[in-house]
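What follows is a single structure, written as structure tokens, with notes after it.
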Amino acid sequence: MKWVKGNVFEPETYAHELADCDAVVHSMGILMESDYKKVVNLSLTASKPQAPTGGINRMTFESMNKDSALILAKTASETSVNTFVYLSAHSAPPLLDPRYMKTKREAEHELSNSFKFRSVFLRPGSDPLTLPSPFHLTSILITVIGF
């Protein structure tokens, strides 16, 4: 594995690094389009998203969760890359903008249908309405009872 620095929106900054790669992992994305750290810290003043380059606001679900993956995939498809790994999500946390999941699923769909490499989607997280497995119930009981 080799870590390289580049701007996913500017393929010329990393395309040459993909020449000998078998796989590419896309693990970037955002949960919120604002400065969520201030929201989590209950700050009363929310800052506007900063535009990384050229005055273009890239801090949107569409740009960060979907477009960035598709740009990287297109660049990778022009090389010997045969596997594209996309870090997606199982489900959205409560109260999150529905566009979060929408853009994740749109990216998965495009990656599956628009490129010849094998697409692998990792969906960490779990459904909050799913009951715990028997193993987890046993662990909880042991913890509560004190065995």
Quick note on D22, D67, ordering by fewest other C-beta atoms within 10 Å, gives D22, D67
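Counting other beta carbons within 10 Å of each residue's own, what order do L18, L95 fall into, fewest first?
Ordered by Cβ neighbours within 10 Å, fewest first: L95, L18.
If R₀ is 41 angstrom, what is the calculated FRET efficiency for the pair N82 and S34, using the beta carbon separation as r and rounding to 0.05?
0.60
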A chain fully extended from M1 to K74 at 0.36 nm per residue, minus the present Cα-Cα distance, gains in nm 24.2 nm
Too long for a 23 Å Cα-Cα cut-off, among K74/K104; K2/K104; K2/K74, are K2/K104
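No lab work stands behind these numbers, since they all come straight from the coordinates. Predicted model, so just to flag it, every value in this text is computed and none were measured. Ideal geometry is used to build each Cβ from the backbone, glycine not excepted, and the neighbour counts take in all protein chains shown.
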